[in-house]
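J.: My questions all concern the structure below.
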């Protein structure tokens, strides 16, 4: 960081470590700005961040009760819902966060040090932390209220949630880049996502699907991420469909597509 | 270097396209004091936004230097944050030492305790004072100004003018204004926007003359052809 002298521009360091430090500094500053903005002047302001995912979980639980559905796996209903919804929340919230980058950065593009990539990484990190907090809240409530707690292989669960998050990040980034040239890109991205809530294994497991249906739904990379997370969370579930390579290939493909679009825009 | 290369920018106004720039060219050195006269409603803010990178041209390229800073620019502020939080955040993004920069802005803006209140509670004048403080505290190499070079009450205006003169010893200025008097005091080189083209003029008087001629009959193509022929197309 340069020392402050009016009217003098700090020389830009050529050292790679220094430049990396500068990038990290900008990303953290943007993340801090995002968090402070959501907080406003009251800590309760940030609570709204968790209202939507908590409402999803509550509505799903009520839906299970109304339709008399119970967990298809040997576990309690809330834990089953959490195992599917947490990776889904990771996927959706990062898409929404990255989708706000273009408008959020509009006033900041005058800073040469702040780029679209900084904004994207910052938004994605904030959402990743938020998902962790949502998990702690709902899993904690489940333990406190119902006395239920289940986390078979934490790292496996984390991998599934992280895959879902990375899928959302790459998808959101592609459409965020596209939105810089086509105003309809963001609404299109939201429309395309609508069925994902119903076809990504949030309410059901891959194992209970007929083979024909599974052959089709397994084309959805988010289903694999959800199944990996569920596999990691539940003691009595071992997915027959979960593959990390498939969503990873999607993530690579989406990021590559975003990079190509970005280079075309620069030309 | 600042400027435009074959730059075209238009926007829709009441369903009809309004041309701000049409294949316009301009080159301004980083340390130059350049005044561009643009009639009110003809795209002053759009031109500054293009130079600042906030807006993009429909065609062509915008030349931008790294050390540019729009004077009195409030666009980087978040209304939910306090003045102090905004300033510290800007310092962190730009790579300045936050405490020193914040101390300068708190002192220059003369906001007192309001500096620690959220911007949602600020009046327009308070926001402008904070924005000008942020600008003058920024180590800019070129200031970009949309008409206003000063803000606030008379005392604060004098303070801004003094600070600007001091900064311009080392920094450049691109002032886009609709009032020829504004460019007279602070600019060394002058130009006028006519029919989407930037016309370079020999001095301020020449610019003011061309500006008056184009303003008296804004729809006349005569201004764009015969009269422009005697001026230097940038």
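Here, each number is a calculation from the coordinates, and none is a lab measurement. As the structure is a computational prediction, the values presented were derived from the model and not from experiment. So basically every Cβ, Gly included, is an ideal-geometry build from the backbone, and we count neighbours across all protein chains shown.
J.: Starting from the alpha-carbon convex hull of the stretch B:32-75, give the projected area averaged over all orientations, in nm².
T.: Here the figure is 4.0 nm², rounded to one decimal.
J.: Can I ask one more? Calculated from DSSP H runs of 4 or more alone, at -39500 (n - 2.57) each and per residue, what is the 222 nm mean residue ellipticity of chain A, nearest 500?
T.: It lands at -22500 deg cm²/dmol.
J.: How tilted is helix B:204-216 with respect to the longest principal axis of chain B? Cα atoms for both, answer in degrees (0 to 90, nearest 10).
T.: Taking the Cα atoms of chain B, the angle to B:204-216 is about 70 degrees.
J.: Right, next: Looking at the stretch A:174-267, I'd like the Rg to Rh ratio, where Rg is from alpha-carbon atoms and Rh is Kirkwood's inverse mean 1/r.
T.: Across the stretch A:174-267, the Cα-based Rg/Rh ratio is 1.08.
J.: What's the percent breakdown of Cα-Cα distances in the stretch B:83-172 across 10 Å bins, shortest bin first?
T.: The calculated distribution, bin by bin, is 17, 50, 31, 2.
J.: Mind grabbing the base-10 log of I(q)/I(0) for chain A at q = 0.12 Å⁻¹? Debye formula, identical points on the C-alpha positions, no solvent, two decimal places.
T.: -0.79
J.: What is the helix-to-structure angle for A:154-178, meaning the angle in degrees between its Cα long axis and the longest Cα principal axis of chain A, kept from 0 to 90 and rounded to the nearest 10?
T.: 50 degrees
J.: Based on the Cα atoms of the protein assembly as shown, what semi-axes does the equivalent ellipsoid have, where each is the square root of 5 times one gyration tensor eigenvalue, given in whole Å with the largest first?
T.: Each semi-axis is √(5λ); the values are 53, 26, 19 Å.
J.: Give me the Å³ per residue figure for the convex hull around the C-alpha atoms of chain B.
T.: 130 Å³
J.: Consider just the alpha-carbon atoms of the stretch A:152-226 and return their Rg together with their Dmax, both in angstrom.
T.: Using the Cα atoms of the stretch A:152-226, the pair Rg, Dmax is 14.6, 45 Å.
J.: If each residue's Cβ is checked for other Cβ atoms within 10 Å, how do B:198, A:82 rank with the fewest at the top?
T.: So the residues, fewest neighbours to most, are B:198, A:82.
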